[in-house]
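> Sharing a structure with you now.
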Amino acid sequence: MPTDQTTSKFRYSLFIPLILLASLSTPPVKAASLANSNKRGLNLYSIDQILRLDEKEIDIGTAALVLSRQWASESNIQRYRHKIDAMATEILERMAAKRIGPDARAIPIINEYLFDEEGFQPIKTADNPDDLFLHTVLDKKKGYCLSLSVLYLAIAERIGLPVYGVVVPGHFFVRYDDGQRRYNIETTSRGGSADNEHYIKQFKPPKSENSIYLTNLSTHQTFGCFFNNLGNCYGTIGELETAQTWYERAARINPSLAEARTNLGNIYMRKGWFNDAIEQYRTAMRLVPSDAKIHNILAKAFFEIGDLNSCIAENRQAINMQKDLVEAYRDLASAFRKQGKFKEALVELKDALNLSPEDTETLCQIADLYREKKECVSAMTFYRKAAKLKSDFASARIGLGYCLLDSDKAEQAVEQFDLAIKADPRDLNGYLGLAQAYNKLGMLPEEIQTYQAVLTLEPNLTAAHQNLGNALFNSKSYQEAIEQYALAIRLQPENSGLYYNTGTVYKVLEQYDQAVHYYKKALDLDPKNAAVHNALAITYYLLRQPELARPHAASAEQLGYPVQKELLKALNL
């Protein structure tokens with residue numbers, strides 16, 4: 001669950017009534033005297049060193065630019081800090097001209113300069129990680145709620161204004177608070193103001209004594225929020241270890257920041273640490289008990305560890321809180337399907353479809369359910385609906401391809417798998433389905449080429465090595481087949497089928513001793529495998545060892561294998 005990426009849409013009051021502005025009086029301000037000039041944090045370039053400082057010694061702008069340089073090494077701290085200093089100096093000069101001191105009257109001047117003249121504005125979607133960083137905000141004059149707020153805080157500290165960061169679930173803004181007057185400042189709405197009641201209604205922050213939400217944040221706590229979003233940035237580019245580090249730091253600084261807990265849980269999920277994820281989600285749920293989405297992601301973790309009853313209960317709770325949470329209905333269906341309750345799963349999916357008739361994920365999940373029930377006609381109807389709504393939806397194409405394979409329409413299946421691969425060249429299921437279609441069509445070179453493509457994407461996929469070995473065997477490339485089976489055995493040494501296949505290649509090559517060696521290994525792993533007993537019986541017979549062949553032929557027959565009558569007769573059975 002990302003933090004600080006929601007731009008609220010509401011009407012803001014004009015900031016500070018003119019009567020109030022007229023009533024305030026302070027001595028003239030000397031222009032260009034920056035209030036942060038003696039802070040120790042100006043001379044430190046390690047975020048760890050900066051955060052060890054006392055609150056009053058941290059320079060927010062410098063700290064944010066240190067993080068910018070860590071993200072983008074070409075970022076020049078001095079150059080960007082000079083930009084902020086110049087902006088603050090310009091604002092101070094305007095304040096001096098109007099005989100305004102560092103108090104609430106400075107806020108309209110800041111807003112006019114930043115948003116009207118300089119043109120700083122919010123981005124529509126916070127999907128580019130670069131937009132978190134102060135250097136990007138200064139270059140593009142765009143940012144989202146947290147990054148614009150960091151700029152505002154950096155300017156405020158240079159002017160000497162008592163401005164603080166404030167967080168609510170999914171959003172960040174700043175607040176002027178001198179102990180007598182308090183104004184919330186929305187950096188995503190040109191500095192407009194809204195009272196706390198708006199945030200309570202819009203973002204539903206929890207009302208607990210130790211809650212971080214809606215309070216004036218310390219500088220450390222503000223950077224705790226920043227670290228949470230920094231984790232999002234590294235997660236976006238796939239650097240999970242770094243993302244985890246920043247989320248953990250965010251949670252240590254702000255233990256009651258639910259977003260840090262959920263994001264940390266999400267990283268643990270991606271790493272397969274499901275119980276650790278559950279712990280983080282439960283903590284987040286205690287912090288924000290009314291958030292339906294936390295119940296839903298907790299349900300996902302329960303699904304992963306096989307606790308289907310808890311998964312169902314959490315999804316039910318999520319739906320009770322948010323009736324239109326389509327994902328919770330889909331996840332409920334997955335749990336019921338896992339339990340073999342197809343009727344109940346279909347009910348949930350149809351409820352989801354009623355809420356969102358063009359949701360391709362739901363359509364595809366319904367199709368998957370019908371396919372599992374071997375109702376291919378119904379399955380294909382829903383796959384086609386999904387593919388029509390989203391032509392590059394690989395999952396729908398893959399499902400349709402498998403349905404066509406099941407219906408002995410391999411040529412049509414090839415077309416669907418090809419479309420799936422074009423839509424998502426990294427989805428292995430498209431290649432695996434295509435290889436199976438080529439197998440049915442007897443197109444061995446194409447089948448081999450497709451499995452080779454799979455192994456280029458995922459070198460450790462045992463099934464691909466095994467199936468490639470089978471295709472090579474069928475094309476009489478016996479040595480290459482043995483090599484593929486050997487690679488598969490390294491990955492999955494307990495798979496008796498791999499030893500059986502290897503033994504069969506050696507039998508065809510008339511290397512009977514080697515064949516026996518592999519067949520016996522297969523039998524050690526699966527003593528009741530009738531096909532292996534039969535293969536051993538034939539191989540021993542070919543080695544002219546009927547006394548060793550006889551018990552295996554008898555076992556194969558007892559286990560129901562159609563042993564050749566000629567072999568039984570030759571062995572006097």
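The values are calculated or read from the model by the stated rules, or taken from the named source; none is laboratory data. This one's a predicted model, so the numbers in the text were calculated from it and none came from an experiment. Please note: Cβ atoms are built from the backbone with ideal geometry, for glycine as well, and neighbour counts cover all protein chains shown.
> Check whether at least one residue in segment 387-403 is part of a helix (DSSP H, G or I) and either at positive phi or among the aromatic types (Phe, Trp, Tyr) (or both), and report yes or no.
Yes, segment 387-403 has at least one match.
> I'd like to check something: does segment 108-119 contain any residue that is in contact with a Leu (Cβ under 6 Å, 6 or more places away or on another chain) and either within 30 Å of ILE237 (Cβ to Cβ) or buried (at least 16 other Cβ atoms within 10 Å of the Cβ) (or both)?
no
> Then there is this: Can you tell me which residue among TYR485, TYR541 is buried (at least 19 other Cβ atoms within 10 Å of the Cβ), under 30 Å from GLU458 (Cα atoms) and hydroxyl-bearing (Ser, Thr, Tyr)?
That would be TYR485, the only listed residue that is buried (at least 19 other Cβ atoms within 10 Å of the Cβ), under 30 Å from GLU458 (Cα atoms) and hydroxyl-bearing (Ser, Thr, Tyr).
> Which one is nearest to ALA335 (Cα to Cα), of the residues in segment 289-311 that are buried (at least 23 other Cβ atoms within 10 Å of the Cβ) and among the aliphatic types (A, V, I, L, M)?
That would be ALA299.
> Taking the conditions exactly as written (more than 14 Å from the chain's Cα centre (by Cα), more than 23 Å from LYS204 (Cβ to Cβ) and of a type outside the set (Ser, Thr, Tyr)), does ILE278 satisfy them or not?
So ILE278 fits the description; yes.
> Which condition from (1) part of a loop (DSSP other than H, G, I, E, B); (2) modelled with pLDDT of 95 or more; (3) more than 30 Å from ILE253 (Cβ to Cβ); (4) of a type in the set (A, V, I, L, M) is the one that ILE16 breaks?
Just one mismatch for ILE16, condition (2).
> Sort out which residues of segment 274-288 are surrounded by fewer than 17 Cβ atoms within 10 Å (Cβ to Cβ) and at pLDDT 95 or above, and write them in order of number.
ASN275, ASP276, GLU279, ARG282
> Being free of Cβ contacts under 8 Å to residues at least 24 places away in the same chain and under 30 Å from SER46 (Cα atoms) is the filter here; which residues of segment 82-105 pass it?
HIS82, ALA86, GLU90
> Out of the residues in segment 539-560 that are part of a loop (DSSP other than H, G, I, E, B) and within 54 Å of the chain's Cα centre (by Cα), state the one that is farthest from TYR518 (Cα to Cα).
Among those residues, the one meeting the criterion is GLY560.
> Checking ALA345 against (1) out of contact with any Lys or Arg (no Cβ under 6 Å at 6 or more places or on another chain); (2) more than 30 Å from ASP48 (Cα to Cα), only one condition comes out false. Which one?
(1)
> Let me ask you something else. Take the residues in segment 72-103 that are among the aliphatic types (A, V, I, L, M) and over 19 Å from LEU148 (Cα atoms), then tell me which one is surrounded by the most Cβ atoms within 10 Å (Cβ to Cβ).
Only one residue fits best here, namely LEU92.
> Can you say whether LEU523 is touching an Asp or Glu at 6+ places or on another chain (Cβ under 8 Å), surrounded by 21 or more Cβ atoms within 10 Å (Cβ to Cβ) and in contact (Cβ under 8 Å) with a residue 24 or more places away in the chain, as far as the supplied structure shows?
Taking the combined requirement at face value, the residue does not satisfy it.
> Let me ask another. Has segment 270-282 got at least one residue that is among the aliphatic types (A, V, I, L, M), part of a helix (DSSP H, G or I) and either free of Cβ contacts under 8 Å to residues at least 24 places away in the same chain or farther than 26 Å from THR136 by Cα (or both)?
yes
> Would you mention how many residues in segment 409-431 are part of a helix (DSSP H, G or I) and under 24 Å from the mean Cα position of the chain (by Cα)?
Residues flagged as part of a helix (DSSP H, G or I) and under 24 Å from the mean Cα position of the chain (by Cα) within segment 409-431 amount to 8.
> Just need a number here: residues in segment 297-325 that are in a helix (DSSP H, G or I) and either of a type in the set (Gly, Ala, Ser) or within 20 Å of VAL168 (Cβ to Cβ) (or both).
7
> Counting just the residues of segment 459-513 that are without any contact (Cβ under 8 Å) to a residue 12 or more places away in the chain and within 35 Å of the chain's Cα centre (by Cα), which one comes out farthest from LEU542 (Cα to Cα)?
That would be PRO459.
For (1) surrounded by 20 or more Cβ atoms within 10 Å (Cβ to Cβ); (2) under 20 Å from ALA464 (Cα atoms); (3) basic (Lys, Arg), each residue gets a yes or a no:
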residue: LYS388; (1), (2), (3): no, no, yes
residue: SER391; (1), (2), (3): no, no, no
residue: SER407; (1), (2), (3): no, no, no
residue: LEU419; (1), (2), (3): yes, no, no
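> Separate question: Among helices (runs of 4 or more DSSP H) lying entirely in segment 28-112, which contain 2 or more residues that are in contact with a His (Cβ under 7 Å, 6 or more places away or on another chain) and at pLDDT below 95?
No helices (runs of 4 or more DSSP H) qualify here.
> State yes or no: is ALA345 within 17 Å of SER310 (Cα to Cα) and buried (at least 16 other Cβ atoms within 10 Å of the Cβ)?
When the stated conditions are applied, ALA345 passes them.
> Right, another one. Looking at segment 366-415 only, could you name the residues that are out of contact with any Leu (no Cβ under 8 Å at 6 or more places or on another chain) and among the β-branched types (Val, Ile, Thr)?
Correct list: VAL377, THR381, ILE398.
> Shifting gears a bit: Return the residues of segment 248-269 that are touching a helix residue (DSSP H, G or I) at 6+ places or on another chain (Cβ under 6 Å), in a helix (DSSP H, G or I) and farther than 15 Å from ILE47 by Cα; say none if nothing qualifies.
Hits for segment 248-269 are ALA251, ALA258, GLU259, ALA260, ARG261, THR262, ASN263, LEU264, GLY265, ILE267, TYR268, MET269.
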